[in-house]
């Protein structure tokens, strides 16, 4: 298994001008790893990351959209998989940071931890492609290619809970940063 922050650093090295929707702990790490006006981060709406990413992907079909979801968060809104597959946005990459816990809520185990196949769920919902990564080397080798493929794609990143970045609530909840994102994404 990988450390989430190391997975995100790999993604950051391959990022160009994609919109990145990041939720909860991934959001807290992402804003330090890869600051950008095209980061859309939030907490407080568990399960809604994939739905927000879908809206952005449909609204901006000219831009790639990457969602950094959590396994617990996705479980809160499994219906989004069917909705995303039905809309079939070619520009959406759905990354699930699977650590087997509701990390934000005290690292309580999710139901079916390490038994649920998120790629299997996505394929059953209609996603044409899905990948699983448990090693950083494999993720590093494949991420560049995956970012160029047509979506929707689900990428299951097998990670351990916790990272090294402090919570930055000013950035996550700031109206100022939301306005900067809104103006940037409308360009």
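Tabulated data
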| quantity | calculated |
| --- | --- |
| Semi-axis lengths, Å, segment 7-72, gyration tensor of Cα atoms, sqrt of 5 times eigenvalues | 16, 16, 9 |
| Kirkwood Rh and Cα Rg combined as Rg/Rh, segment 1-154 | 0.92 |
| Net length gained if the chain between residue 87 and residue 115 were fully extended (0.36 nm per residue, minus Cα distance) | 7.3 nm |
| Sequence of 135, 117, 51 once ranked by neighbouring C-beta atoms within 10 Å, starting from the fewest | 135, 117, 51 |
| Packing-based ranking, highest mean first, of 82-95, 142-155 given that Cβ atoms within 10 Å are counted | 82-95, 142-155 |
| Least to most buried among 34, 7, 97 (fewest other Cβ within 10 Å first) | 34, 7, 97 |
| Proxy reagent accessibility, fewest Cβ within 10 Å first, across 30, 139 | 139, 30 |
| Label-point gap, in nm, between residue 148 and residue 183 - each point 7 angstrom along Cα→Cβ | 3.5 nm |
| Residue-span extension gain [residue 63 to residue 14] - 0.36 nm each, minus C-alpha spacing | 16.1 nm |
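Any read-out appearing in this document is the output of simple, stated calculations on the displayed coordinates, not a laboratory observation. Remember, it's a predicted structure, so these values are computed and weren't measured experimentally. Cβ atoms come from the backbone with ideal geometry, glycine included; neighbour counts cover every protein chain shown.
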